[in-house]
Amino acid sequence: MFFHLYNYRNKIKFKMRKIAIAGAGGFSKEVYLTINDINKQDCQWDFIGFFDDNVPQGKFFTDLRVLGTINDLNQIAEETDVIIAAGKSNNILSILQKLDSDKLNFPNLFHPSCQSLHFESMIIGKGNIVQSFSSLSADNKIGNYNVFNAGVRVGHDTIIGNYNTFATSTLISGGVEIGDQNDFGMNSGILQYKKVGNGNVIAPMSVLFKSIKDNGHYLGVPAMSTGV
């Protein structure tokens with residue numbers, strides 16, 4: 001498991017930096033609303049638009065526009081913050097691999113309603129999205145480009161790798177270790193001190209009672225391998 005981490009206490013806050021969203025699907029609209037809610041409390045970003053390889057240029061959400069492809073985002077001449085808005089781990093990684101400009105930065109995004117964020121003990125990487133009413137507890141170690149959707153709860157002393165997605169109301173108990181590129185479905189969960197490898201899919205409403213390895217699909221309570 002690889003972490004590109006820094007202590008959140010050393011975070012530098014930038015005022016009114018340009019920011020773009022890579023991806024133009026339903027989740028990207030929710031990510032824009034998070035940026036907007038952050039700006040209402042502490043005006044940090046000047047939102048420029050969405051970029052997507054599969055959505056044509058033009059009006060996309062209210063008066064906001066898709067400005068071009070992912071490669072067009074690479075051509076921006078000034079430093080720009082980018083949020084990768086994708087709901088599945090493979091899509092996050094696919095977009096990231098196309099973004100190669102040294103002008104692009106990948107901040108963490110925390111919705112103002114996030115709860116119990118103990119920044120003093122948190123170690124976190126970059127490009128993470130923590131949506132509304134989610135909670136990260138004490139002594140968490142979190143890697144890069146993870147998505148914590150609305151109402152996700154992460155317990156104490158949890159270690160999370162890179163490119164994981166946690167759908168709405170996922171519950172992660174304390175002391176859990178999670179690798180890379182896992183997708184947790186809505187209202188799924190895992191019991192305390194269990195380990196999850198890489199590349200797994202946990203179906204909605206399913207709960208892991210035991211540790212699992214790599215590249216499995218799990219369903220049920222307790223969650224069992226589907227053999228897919």
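From least to most packed, judged by other beta carbons within 10 angstrom and beginning with the fewest, Lys210, Lys194 follow the order Lys210, Lys194.
Residue order for Glu79, Glu120, Glu30, fewest other beta carbons within 10 angstrom first, comes to Glu120, Glu79, Glu30.
Return one quarter of the surface area of the convex hull spanned by the alpha-carbon atoms of the chain, equal to its mean projected area, in nm². Intermediate results must be reported in sequence, preceding the final value.
On the way: hull surface 46.9 nm².
If you wrap the Cα atoms of the chain in a convex hull and average its projections, you get 11.7 nm².
The C-alpha atoms of the chain define a longest principal axis, and helix 26-41 lies at about 70 degrees to it. From the alpha carbon centroid of the range 110-157 to that of the range 47-88 is 25 Å.
Among Val207, Val82, sorting on how many other beta-carbon atoms sit within 10 Å of each Cβ, with the fewest leading, yields Val207, Val82. Shown for the range 97-228 is the translational diffusion coefficient from the Stokes-Einstein equation, using the Kirkwood radius over Cα pairs, a temperature of 25 °C and a viscosity of 0.890 mPa s: 167 µm²/s. For the chain, the longest principal axis of the Cα atoms and the long axis of helix 89-98 meet at an angle of about 40 degrees.
Modelled spin-label separation between Asn71 and Ala138, with each label point placed 7 Å from Cα along the Cα-to-Cβ direction: 5.2 nm.
Given the Cα-Cα distance of Lys126 and Asn54 and 0.36 nm per residue of separation, how much length would full extension add, in nm? Display every interim value, and only then the final one.
Working: separation 72, 0.36 × 72 = 25.92 nm, distance 2.53 nm.
Here the answer is 23.4 nm.
With contacts taken as Cα pairs under 8 Å at a separation of at least 6 residues, the chain carries a relative contact order of 13 percent. Beta bridges per DSSP, both residues in the chain: antiparallel share near 15 percent. For the chain, a Gaussian network of Cα nodes joined below 10 Å ranks Gln115, Gln181, Gln75 by mean-square fluctuation, and the top entry is Gln75. Checking the cross-link pairs Lys40/Lys126; Lys18/Lys98; Lys29/Lys195; Lys29/Lys141; Lys141/Lys194 against a 25 Å limit on the alpha carbon distance flags Lys29/Lys195; Lys29/Lys141 as lying beyond it. Its residue count N sets the reference 2.2 N^0.38 Å, and the alpha-carbon radius of gyration of the range 16-107 equals 0.99 times that reference. Using 0.36 nm per residue and subtracting the Cα-Cα separation, the extra length available between Ser116 and Leu99 on full extension is 2.9 nm.
Each residue, Lys29 and Asn90, gets one label point 7 Å from its Cα in the Cβ direction; the gap between the two is 2.5 nm. Shape index of the range 158-228: Rg/Rh, with Rg the Cα radius of gyration and Rh the Kirkwood radius from the inverse mean 1/r over Cα pairs, equals 0.90. For the range 117-183, state which chymotrypsin sites (Phe, Trp or Tyr not before Pro) are in a DSSP loop and have at most 16 other beta carbons lying within 10 Å of their beta carbon. Taking the range 117-183 and a limit of 16 other Cβ atoms within 10 Å, the loop chymotrypsin sites (Phe, Trp or Tyr not before Pro) found are Phe119, Phe133.
Bear in mind that the values in this text are calculations on the coordinates, not laboratory data. Keep in mind that what you see is a predicted model, and the values were worked out from it rather than measured. With ideal geometry, Cβ positions are generated from the backbone for all residues, glycine too; neighbour counts draw on all protein chains shown.
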